[in-house]
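Colleague: Sharing a structure with you now.
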Amino acid sequence: MLDLVPIFKNRRFSPEALLRYGFSRAENGFSLQTPLMDGQFYALLSFSQNGEPSFRVFETETNEEYFPARVLSAEGAFVGALHQEIELLFRKIAETCFPLAPFQGQAERVLSFLQTTLHAPPEFLWGKFPDHAVFRVSEGGAWFALLANVARRSLALDGLGDESVLNVKAAPETVSALLQDGTALPAYHMNKKHWATLVLNDRLSDQTVFSLLEASFALVKG
């Protein structure tokens, strides 16, 4: 089976957008039938109520399911072309119906605070890292924060997966205190004397994070 999860990573499920695209409500979610391979086959594309994607492929002439399409390791140019066409279909659906939402949970609340209270829009400067956003004290000014999803191993943390983190600037003695009491990690890809990295997993209260952001903004703005 094709691995569809990466296609929808950091995207928000929108049932309304699926319906506008042409999907119909089904017993367990949403479904759409679409032709494949110049009409030789058709695919039944599905999303669960939680937005989990899946598909099945059928031969148009017989309406029998074509099971090799569900086997990622299936070999041959034909099956490869079929997988590629299905992947392109899902990528188009992702771009059309699943708006980008790289930050969830506490990170999303931090993003809202940055935009509404500090009036700092996110700037996504690196195409290779679409979930790394910087924030400036003014247009064209210096950064005062970095919000990003970073692999746990890159933060010297145990386990797999990513963590949402926030880099803030602070006085060296404040950085030292944050590190000593376990509030922060050594700054991710920034000067470790003047910056600290906060892990946004709700262990720190929103108000604590917001206060550190405001202090970072003031320090950088001068």
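Colleague: For labels at residue 117 and residue 155 in the simple 7 Å Cα→Cβ model, what's the distance in nm?
Modeller: So the label points at residue 117 and residue 155 sit 2.0 nm apart.
Colleague: Moving on to the next point. Among 159, 51, 141, which one shows the highest mean-square fluctuation when the chain is modelled as a Gaussian network with alpha-carbon springs under 10 Å?
Modeller: 159
Colleague: Longer than 27 Å from Cα to Cα, which of 128/221; 9/193; 92/128; 9/221 are they? Say none if no pair is.
Modeller: Checking Cα-Cα distances, 128/221; 9/193; 9/221 exceed 27 Å.
Colleague: Put one equal scatterer on each alpha carbon of the stretch 106-221, apply the Debye formula with no solvent term, and list log10 I(q)/I(0) at q = 0.12 1/Å to two decimals.
Modeller: -0.38
Colleague: Here's another thing I want to ask about it. Can you give me the Kirkwood hydrodynamic radius for the chain, using every pair of distinct Cα atoms, in Å to one decimal?
Modeller: Hydrodynamic radius (Kirkwood, Cα only) of the chain equals 20.2 Å.
Colleague: May I have the pair-distance distribution P(r) for the stretch 5-97, computed from all Cα-Cα distances with 10 Å bins from 0 and rounded to whole percent?
Modeller: So the P(r) values, bin by bin, are 16, 48, 31, 5.
Colleague: What nm distance separates the two modelled labels at residue 193 and residue 24, each placed 7 Å from Cα along Cα→Cβ?
Modeller: Placing both labels 7 Å along Cα→Cβ, they lie 6.8 nm apart.
Colleague: Cα centroids of the stretch 123-140 and the stretch 157-222: how far apart, whole angstrom?
Modeller: 17
Colleague: Subtract the Cα-Cα distance of residue 87 and residue 180 from 0.36 nm times their separation in residues, and report this length gain in nm to one decimal.
Modeller: Separation in residues times 0.36 nm, less the Cα-Cα distance, equals 28.7 nm.
Colleague: Can you give the extra length, in nm with one decimal, that the chain gains between residue 204 and residue 14 once fully stretched, where that is 0.36 nm per residue apart less the Cα-Cα distance?
Modeller: Length gained, residue 204 through residue 14: 65.4 nm.
Colleague: If you take every DSSP beta bridge fully contained in the chain, what fraction is antiparallel? Give it as a percent rounded to 5. Write down the numbers at each step before the final one.
Modeller: Numbers: 40 of 40 bridges.
Once the DSSP bridges in the chain are tallied, antiparallel ones form about 100 percent.
Colleague: Name the most mobile residue of 146, 204, 185, meaning the one with the largest mean-square fluctuation, in a Gaussian network model of the chain with Cα contacts below 10 Å.
Modeller: Checking each option, the largest mean-square fluctuation is seen for 204.
Each value in this text was obtained by applying a stated rule to the coordinates, not by laboratory testing. Remember, it's a predicted structure, so these values are computed and weren't measured experimentally. Glycine gets a Cβ as well: all are built from the backbone with ideal geometry, and neighbour counts include every protein chain shown.
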